[in-house]
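A.B. asks: Let me give you the structure first, and then I'll get to my questions.
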């Protein structure tokens, strides 16, 4: 579960990592921010790959993230994380266990409700260039933390769909040698979602062990 949350945190951090320096990079980021402010909800399918050559680690996962206002539902393999607005539910299918915590105690980088507005500061940027991926016109920028001592990573590479002005691929390069790549496979902004998606119904998980940490 820790690896799952690490991947999730990295994804959110990468998508939050808006910068303010390079004029060409800033122009792209300004467009992303302006468009993202119009989202009341979104539904995203993504894949992630964690690689560390030195330790021969290669972990691949597919996931889905649903966000509506301040609520979210994240699904990764056998794990589901739900914020219903008052409690954070972290469920493991493998152990049939759910842990309840206070959303206020959650690090901002783990909160998808803040996905497009938390990290508008704190990074310098570099425009890498334009190209195509699978027939799609893209632009790529690099982001570097202004205070690298406090960050576990040193570089974020963000590839943007030029026409849709949406993130397409994110690569996080960590100081410990880990490299995490995220690819957004499907992104639906302002998706219609029922509130039941953002609640944990214990009756649907017979025998579930509940650990209330609030």
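Please treat every number below as a calculation from the coordinates, not as lab data. Note that the coordinates shown come from a computational prediction; the quantities given were computed from them, not determined experimentally. When we count neighbours, we look across all protein chains shown, and the Cβ atoms used for this are built from the backbone with ideal geometry, even at glycine.
A.B. asks: How many angstrom lie between the C-alpha centres of segment 135-168 and segment 22-44?
C.D. replies: Segment 135-168 and segment 22-44 have Cα centres separated by 12 Å.
A.B. asks: Still on this structure, please answer the following. Label residue 188 and residue 163 with points 7 Å out from Cα along Cα→Cβ: what is the distance between them in nm?
C.D. replies: 2.0 nm
A.B. asks: Another question, then. Go ahead and run the numbers for FRET between residue 130 and residue 69, Cβ-Cβ distance against an R0 of 41 Å, rounding to 0.05.
C.D. replies: 0.75
A.B. asks: Plugging the Kirkwood radius over Cα pairs into Stokes-Einstein for segment 144-214, at a temperature of 25 °C and a viscosity of 0.890 mPa s, what D comes out in µm²/s?
C.D. replies: The diffusion coefficient I find is 149 µm²/s.
A.B. asks: Please sort 37-50, 184-197, 66-79 by packing, taking for each peptide the average over its residues of neighbouring beta carbons within 10 angstrom, highest first.
C.D. replies: Output ranking for 37-50, 184-197, 66-79: 66-79, 37-50, 184-197.
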